[in-house]
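The next block holds one structure in the form of structure tokens; read it before the comments.
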Amino acid sequence: MSLMRPIVEVRNLSKSYHIGKITQGDEHGGEQSDKVIWALKDVSFEVFPGEVVGIVGRNGAGKSTLLKILSRIVRPTAGEADIYGRLGSLLEIGTGFHPDLTGRENVYLNGAIIGMGREEIRRKFDEIVAFSEVEEFLDTPVKHYSSGMQVRLAFSVAAHFEPEILVLDEVLAVGDAPFRQKCFRKMQDVIREGRTIFFVSHDSSSVLNLCGRALLIQSGRLTDDGPAETVVKRYLDVAGVSN
């Protein structure tokens, strides 16, 4: 029996959204009521230090909502998510970039947004820029970058952040094929360092290659939690996708 303490504890986590008024009855005597949808409903699990957990499910199943709650971007309607350690998230790549600032300035801005200290960014600056392959355009405003260049720079900043817990949503689907391979190798390095990782992807092979464990979210509920191979197979069966 392990005496190790979980690094993440999620208990009965639920998140509802109000999506407007629905009129019941005729147009004169009808009553209006809120339409509520549950993006997550009664989700509970624990994750231990060093685990790499894939999160799979169809679009709209609640995967991104779960990551946003873990990242403290949205608050749950009910339940709790306790995080014991520094958490960094890479959910929507490049959302912290300011178009009028240069690549150099945006490295510092984006690093600060995801939780890096200025000294930490300065220390890793050359490494971040080299990984991104945008050295030539470092002092050009990012509004003149292609979307691929912006993505490479944003991923490079996030990949050099060193939190205890890393939350990633579809990050390996960025850039061209050679850069995706480079990102994949970087993620393997991060895993070898013993970081705890949550990884959402529609690419089942990436989940199988990176994750030892997976959670299956269906219609806001956690319906399976176990070895990645078993859970991914169930997901593909449920989704009607051949492996």
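Coordinate-derived values only; no laboratory data. Just so it is clear, the structure is predicted and the values come from calculations on it, not from any experiment. We place every Cβ from the backbone using ideal geometry, glycine too, and count neighbours over all the protein chains shown.
Quick notes on this one:
- About its Cα centre, the dipole of the chain is roughly 260 debye, where the only charges are +1 on Lys and Arg Cβ and -1 on Asp and Glu Cβ.
- In the chain, lysine pairs closer than 24 Å at Cα, eight or more apart or cross-chain: 17
- Extension gain from Thr140 to Leu109, taking 0.36 nm per residue of separation minus the Cα-Cα distance: 9.7 nm
- Of the residues Val190, Val151, Val231, the one whose Cα sits farthest toward the positive end of the charge dipole of region 119-243, with +1 on the Cβ of Lys and Arg and -1 on the Cβ of Asp and Glu, is Val231.
- Using the rule -39500 (n - 2.57) for each DSSP H run of four or more residues, divided by the residues of the chain, the 222 nm mean residue ellipticity is -10500 deg cm²/dmol.
- Calculated P(r) tail over 19 Å for region 98-159, as whole % of Cα pairs: 17 percent
- Selection from Pro99, Pro49, Ser64 lying farthest towards where the dipole of the chain points positive, charges on Cβ: Pro49
- Our summary gives the chain a relative contact order of 25 percent, counting only alpha carbon pairs under 8 angstrom and 6 or more residues apart.
- Identified option (computed mean projected area of the Cα convex hull in nm²; candidates (i) 17.0; (ii) 13.1; (iii) 18.9): (i)
- Shape parameters for region 43-181, alpha-carbon atoms, Rg then Dmax in Å: 15.9, 49
- Protection proxy ranking of 205-214, 224-233 - average other beta-carbon atoms within 10 Å, highest first: 205-214, 224-233
- Taking the fewest neighbouring Cβ atoms within 10 Å as the starting point, the ordered list for Arg152, Arg5, Arg104 is Arg5, Arg104, Arg152.
- Which of Ile191, Ile37, Ile217 has the fewest Cβ neighbours within 10 Å, and the rest in rising order: Ile37, Ile191, Ile217
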